[in-house]
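Some notes on the structure that comes next.
Every number in this text was worked out from the coordinates using simple rules, so none of it is lab data. Not measured: the values here are computed from a predicted model. In this analysis, Cβ positions are derived from the backbone assuming ideal geometry, glycine residues included, and neighbour counts consider all displayed protein chains.
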Amino acid sequence: MSHQRWMSEALRQAEKGRFTTDPNPRVGCVVVVGEEHLASGWHEFTGGPHAEVNAISSSQVAPGADFYVTREPCSHHGRTPPCVDALIAQKPARVIVAMRDPNPQVSGRGLEKLRAGGIEVIESVLEPEARKLNRGFIKRMQQGMPFVSLKTAVSLDGRTALKNGQSQWITSEAARRDVQFLRAQSSAILSSAQTLIDDDPRLNIRLSEQDLQQRLEVRQPLRVVVDSKLRLSGAEKIFDSDGEISIYTLSADEEKTNRLIGAGAEVKKLEESVAGHVSLKAMMQDLAAGGINEVHTECGQGLAGALINQGLVDQIVIYMAPHLLGSQARGMFDLGEVDDMRQRKNCKLVDIRSVGTDLRLTLTLENS
């Protein structure tokens, strides 16, 4: 059988950890002897056994097998021992990997140790697919920044809310449910104080373990709010639901800070600002330093436009509904005035599909 077939199966195994492994990467492993698929494993949760160990534990693995792993076996001690040592102990004929460990401090060391043990190593099998599966982890390891996805729901004429702010509901129930899965795979959900004041969302996951096809309890991503002046009261619905909340601000107002801490939030005052607002880059760097891989963003046109203008958005997901809201309704992104076509923001459409009565468009930006 081809390497691509078995690595595809290993990637399918890794995909099982889509909602549970954070902040660890999603990794899968398949063990093959000749043409026989002997064992499979995947990394399920932080602190738990890694994919290779789970595969070895699931079956009797004889020497001379081929191991297909979606990421280079770890070579350092963390919460678990190095996987590369467990592999060497099995005396495999070959270890086929999709990609190297993106951590620059350890990248390549696991492969070197395998080769030093007399094991043949084959690299870069379905590497683009493996990188896409762990895009946030890779960006955090290599750039110290999370992968940022900006989601918006719009009408056919590109409007996100009426002039008076009313926006519920532009898209169908099917589209809103689809968004829940995007939230569930993220490390954090980002919004603005203005959105919380206008719409009062909880920004949490309302799917069950059965919906996500997992045995673990549903993980609630960190909720992150940009509130430069601490305008939130602490009575918003976000404070009345499970999950951690971080508020980024420029305000040193002790009374407001204590009020929000009392409501259950962590308040982080940043020293860096941009035009009187929280420095979004500094915020993203702080989130990455705390282990945040992927940021899913749901906000109004102000924060959305600022994220785009500051080059912080990797992906835009647009749910487009078959409605017309008129020229006075609110737009998607406040990018400021563009008076020259050379100043436009260029996007690439990478996916389009139907979701209920709506269309879901996934795009990347030129800076991505």
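Could you work out Rg/(2.2 N^0.38 Å) for segment 15-76, with Rg from alpha carbons only? Don't skip to the end; give the middle numbers.
Numbers: Rg = 11.7 Å, N = 62, 2.2 N^0.38 = 10.6 Å.
After normalising by residue count via 2.2 N^0.38 Å, the value is 1.10.
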* **Alpha-carbon radius of gyration plus Dmax, which is the widest Cα pair, for the chain in Å** => 22.6, 70
* Measuring from a point 7 Å past the Cα of D334 along Cα-to-C-beta, which residues in segment 289-306 have an amide N at less than 11 Å? -> 300-306
* Asked: Thinking of segment 3-133 as a set of Cα atoms, what percent of all their pairs are more than 20 Å apart?
  -> 34 percent
* Asked: In terms of Cα to Cα distance under 19 Å, which aspartates and glutamates are near enough to K348, apart from those fewer than 8 places away along the same chain?
  -> E129, D314, E366
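Kindly put C74, C29 in sequence by how many other C-beta atoms sit within 10 Å of each C-beta, fewest to most.
Working: C74 23, C29 30.
The fewest-first ordering by Cβ neighbours comes to C74, C29.
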* Nitroxide proxy distance, nm - points 7 Å out along Cα→Cβ at R231 and E271 -> 2.7 nm
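With respect to the cross-link table entries K151/K281; K229/K269; K229/K345; K16/K132, which display a Cα-Cα separation exceeding 22 Å?
Values: K151/K281 19 Å; K229/K269 10 Å; K229/K345 29 Å; K16/K132 15 Å.
Long pairs (Cα-Cα over 22 Å): K229/K345.
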* What is the Cα centroid distance between segment 152-185 and segment 92-137, reported in whole angstrom? -> 40 Å
* Cut-off 17 Å (backbone N to label point 7 Å along Cα→Cβ of E36), residues of segment 43-58 -> 56-58
* To do: With a point put 7 Å past each Cα toward its Cβ, work out how far A252 is from R342 in nm, to one decimal.
  => 4.4 nm
* Rank-order 224-237, 284-297 by packing density, defined as the average count of other C-beta atoms within 10 Å over each peptide's residues, highest first. => 284-297, 224-237
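If neighbour count is taken as other Cβ atoms inside 10 Å, put D200, D339 in order from fewest to most. Walk me through the numbers before you get to the answer.
Details: D200 11, D339 6.
Going from least to most buried by this count: D339, D200.
Please work out the FRET efficiency for the pair I197 and E173, using the Cβ-Cβ distance as r and a Förster radius of 25 Å; give the result to the nearest 0.05. Spell out each step's value before the answer.
Values: r = 25 Å, r/R0 = 1.00.
Computed FRET efficiency for I197 and E173 comes out at 0.50.
To the nearest 500 deg cm²/dmol, what mean residue ellipticity at 222 nm is calculated for the chain from DSSP H runs of n ≥ 4 alone, each contributing -39,500 (n - 2.57), summed and divided by the residues? Kindly include the intermediate steps, with their values, before the conclusion.
Details: 12 runs with 102 residues, N = 368.
Calculated from helices alone, the mean residue ellipticity at 222 nm is -7500 deg cm²/dmol.
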* Asked: Roughly how many whole Å is it from the C-alpha centroid of segment 1-80 to that of segment 336-368?
  -> 35 Å
